Amino acid sequence: MFGRSLWVVLVCVWAGHALAQDLVPDCGLYTYKATIVRVIDGDTVVADIDLGFNTVRRNEHLRLIGVDAPENKTDAGKKTTEALRSRIEGKEMYICTTRTKRSGREATGSFGRYLAEIYLGGENVNKWLVSAGLAAKYDG
């Protein structure tokens, strides 16, 4: 009896841990698993994006939507870049891209970067940058 109860508890703990590790954000049609390959600055990253069906887009540049980070030339910019790098670089997470209002296609910003929100363990990294005071909120 005790062995069976322990087994049930262990399975529940394992399942809860697995679910916590794989929290999929509810961001509509465009949600992808991605690995952040490189952090360029406080609001631009490079990712390998898993499109499903064994299809991966490698080295896609993503612009973090809603974030205006200081430039890397400044001390504040270097601090933001390093904080973001230590938090997400090399990690697998989810990204959510956004649609354009006119065509419904995935939106890109200047320089052709996809506009995206990044989620690590269910936390919106874009919002974390703003709430931590590392970047300003950007509505443009």
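The values are calculated or read from the model by the stated rules, or taken from the named source; none is laboratory data. Just so we're clear, the structure is a prediction, and the values are computed from it rather than from any experiment. All Cβ positions, glycine included, derive from the backbone under ideal geometry; neighbour counts span all protein chains shown.
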### Message
Tell me whether the range 72-81 contains one or more residues that are of a type outside the set (Ser, Thr, Tyr) and in contact with an Asp or Glu (Cβ under 8 Å, 6 or more places away or on another chain).
### Response
yes
### Message
Pairs needed: first member in the range 20-46, assigned to a loop (DSSP other than H, G, I, E, B) and among the β-branched types (Val, Ile, Thr); second member anywhere, at pLDDT below 95 and surrounded by fewer than 17 Cβ atoms within 10 Å (Cβ to Cβ); C-beta distance under 9 Å; at least 6 residues apart or different chains.
### Response
Val24/Thr31; Val24/Gly122
#### Entry: Filter pass, Ala47 being within 23 Å of Tyr30 (Cα to Cα) and at pLDDT below 95
no
### Task
Determine, yes or no, whether Tyr114 is touching a residue at least 12 places away in the same chain (Cβ under 8 Å) and farther than 14 Å from Lys33 by Cα.
yes
### Single condition Ser86 does not satisfy, out of (1) closer than 18 Å to Val130 by Cβ; (2) at pLDDT below 95; (3) loosely packed, with under 14 Cβ neighbours inside 10 Å; (4) not β-branched (Val, Ile, Thr)
(2)
### Query
What number goes with the only condition from (1) surrounded by 18 or more Cβ atoms within 10 Å (Cβ to Cβ); (2) in contact with a Phe, Trp or Tyr (Cβ under 9 Å, 6 or more places away or on another chain); (3) not hydrophobic (A, V, I, L, M, F, W, C) that Arg113 does not pass?
(2)
### Task
Would you please name the residue that is farthest from Leu129 (Cα to Cα), looking only at residues in the range 39-71 that are surrounded by fewer than 16 Cβ atoms within 10 Å (Cβ to Cβ) and among the polar types (S, T, N, Q)?
Asn54
### Task
For Lys78, indicate whether it is assigned to a helix (DSSP H, G or I) and either free of Cβ contacts under 8 Å to residues at least 24 places away in the same chain or surrounded by 14 or more Cβ atoms within 10 Å (Cβ to Cβ) (or both).
yes
#### Entry: Among (1) on the phi < 0 side of the Ramachandran plot; (2) at pLDDT 95 or above - the single one Arg99 does not satisfy
(2)
### Task
For the range 95-106, state whether one or more residues are of a type in the set (Gly, Ala, Ser) and in contact (Cβ under 8 Å) with a residue 12 or more places away in the chain.
no
